[in-house]
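Take a look at the structure below.
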Amino acid sequence: MNLSEYLKGETARRSLSVRRAADNIGISHVTLLRILSGETPNLETLSKLSQWTHVDLAFLLELLGYHVQVKNEEMDRLARLVQYDPTYRRLFALVEKLGPEELEFAVDYLGYLSWRLGGQEQKPPALEGQGLQPEAGQEGQNSEPDLASQSTPPADIQVRGDG
């Protein structure tokens, strides 16, 4: 994959025209058309593309064919996970399709799940407005909630006991 293909994919994923994408990036549509046709952007434009796509500048430089040596143990560990574990490959394939707001929600939700499953955090992650706050009295507890006391069937559904 090269930079042109990557940006075409980003534009399509976001359902944007070239003009709208260029406006969002902060460049002219002519500049974006040139990049999409294979021209190499200047560093200022590349920086704007990095911000718009939420990827590291080094990644975009590699798409242009430059080898960027970055020593990042976290990235190396992540690359190994994606390479050898099909679950992580699937996760990242799904993550690639998310926009910035959806990605932020997904990260918050994963933090919440980690907390619920006994993660390292003492307090649950802040998820105001997401409908994911812990039940009253659950802060700092790792026990499972009493589902029977929380669930209320809708008025139009009858609950029958085993009889």
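Summing charges over neighbours of Arg90, with a neighbour being any other residue whose Cβ is under 13 Å away from its Cβ, gives 0 when K and R count +1 and D and E count -1. Volume of the convex hull of segment 38-107 (Cα atoms only), normalised per residue: 120 Å³. Ordered by the number of other Cβ atoms lying within 10 Å of each residue's own Cβ, fewest first, Ser47, Ser37 fall into the sequence Ser37, Ser47.
Bear in mind these aren't lab numbers, they're just calculated from the coordinates by the rules spelled out. The structure presented is a predicted model; accordingly, all values stated were derived computationally and were not measured. All Cβ positions, glycine included, derive from the backbone under ideal geometry; neighbour counts span all protein chains shown.
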